[in-house]
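The values are calculated or read from the model by the stated rules, or taken from the named source; none is laboratory data. These figures come from a predicted structure and were not determined experimentally. Using ideal geometry, Cβ is built from the backbone for each residue, glycine included, and neighbour counts are taken over all protein chains shown.
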Amino acid sequence: MATLDIYQFPCLSDNYGVLIHDGENNLTASIDAPEAGAVRQALADKGWTLTHILTTHYHADHTGGNLELKGETGCTIAGPRNEADKVPGIDVKLGEGDSYEFGAFTAKVFDTPGHTAGHITYWFPDAKVAFAGDTLFTMGCGRVFEGDAKTMWNSLSKIRALPPETVIYSGHEYTVANADFALTVEPGNAALQARAKEVRELRAQGKPTVPTTLARELETNPFLRPGSPEIQANIGMEGREHWEIFGEVRRRKDNA
């Protein structure tokens, strides 16, 4: 069975870039392209040649390297259909229900709007990995810039429904701040307490807290846990709709 090799590297101030590589077919995709130089260096480090860029959303810290890298390599740029006019160099427009073939692997595409109106997430079932961009972070989620709480909750619910063993890559290293906030709304969560300690230790050693797994997020990420009685009680929203509870948690994080 083919192996999807994955290489994550830091770029910009707090972004992560990711390369995925199908060695059998000699294909390499950059998941987003925050900056050309960092992607170029990562490719050189691995000895891989860029063939694709898979864009999650149009923000400049995810697409800043698109045109330079496409000019150098002729790579194919895929991205969200619903904001295609904002994605530099886009060739292939993708949205809800689409599949995208990447060598021996197939990405299933979900519309996950909220952070941006057209944001998409790529899920590779055979590799048990998802690339969530700025929709879901380790113990956090993206700010809701182009949508409302109900829209973002619907998007998170799609990721929430993936197999729990799914490995989730996201766009930023925000985890220590996310953990600190999570403890304000669910301080009695023992799994969260242990994880907060773990991520502080990782960061103190200069190690990444990304990727994560969906199983760990379901235990510790307050944005995926509106059903938690402790969260509901702490924010005074017992028995409310999950999207409303999510919205209040997101509002509190925005103002933290």
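When each of P80, P88 is tested for being assigned by TED's automatic domain parsing to the domain that holds G64 and more than 21 Å from V144 (Cβ to Cβ), the lone residue that passes is P88.
The set of residues in the range 136-174 being under 11 Å from F246 (Cβ atoms) and either among the aromatic types (F, W, Y) or modelled with pLDDT under 95 (or both) consists of W153 alone. The test for being assigned by TED's automatic domain parsing to the domain that holds Q8, in contact with a helix residue (DSSP H, G or I) (Cβ under 9 Å, 6 or more places away or on another chain), touching a residue at least 60 places away in the same chain (Cβ under 8 Å) and under 15 Å from L19 (Cβ atoms) holds for T56. Among the numbered conditions (1) in contact with a Pro (Cβ under 6 Å, 6 or more places away or on another chain); (2) buried (at least 18 other Cβ atoms within 10 Å of the Cβ), the only one that V210 does not meet is (1). Which count do you get for residues in the range 217-256 that are within 30 Å of F9 (Cα to Cα), assigned to a helix (DSSP H, G or I) and without any contact (Cβ under 8 Å) to a residue 40 or more places away in the chain? Looking only at that region, the number is 1.
Could you tell me which residue of the range 246-256 is surrounded by the fewest Cβ atoms within 10 Å (Cβ to Cβ), considering only residues that are out of contact with any strand residue (DSSP E or B) (no Cβ under 8 Å at 6 or more places or on another chain) and under 15 Å from T184 (Cβ atoms)?
Step one: filter the range 246-256 for residues out of contact with any strand residue (DSSP E or B) (no Cβ under 8 Å at 6 or more places or on another chain), giving 246-249, 251-252, 254-256.
Then keep just the ones that are under 15 Å from T184 (Cβ atoms); that gives 248-249, 251-252, 254-256.
Values: E248: 18, V249: 26, R251: 13, R252: 15, D254: 9, N255: 6, A256: 9.
Within the range 246-256, the match that is surrounded by the fewest Cβ atoms within 10 Å (Cβ to Cβ) is N255.
Residues that are more than 23 Å from S13 (Cβ to Cβ) and aliphatic (A, V, I, L, M) number at least 2 in the following strands (runs of 3 or more DSSP E) confined to the range 34-142: 76-80, 92-94, 105-111, 129-131.
Tally time: how many residues in the range 59-80 are touching a residue at least 12 places away in the same chain (Cβ under 8 Å) and within 20 Å of S170 (Cα to Cα)? Don't jump to the end; show me each part of the working.
Quick first cut of the range 59-80, residues touching a residue at least 12 places away in the same chain (Cβ under 8 Å) only: 59, 61-70, 72-73, 75-80.
If we keep only those that are within 20 Å of S170 (Cα to Cα) as well, we get 59, 61-66, 77-80.
Looking only at that region, the number is 11.
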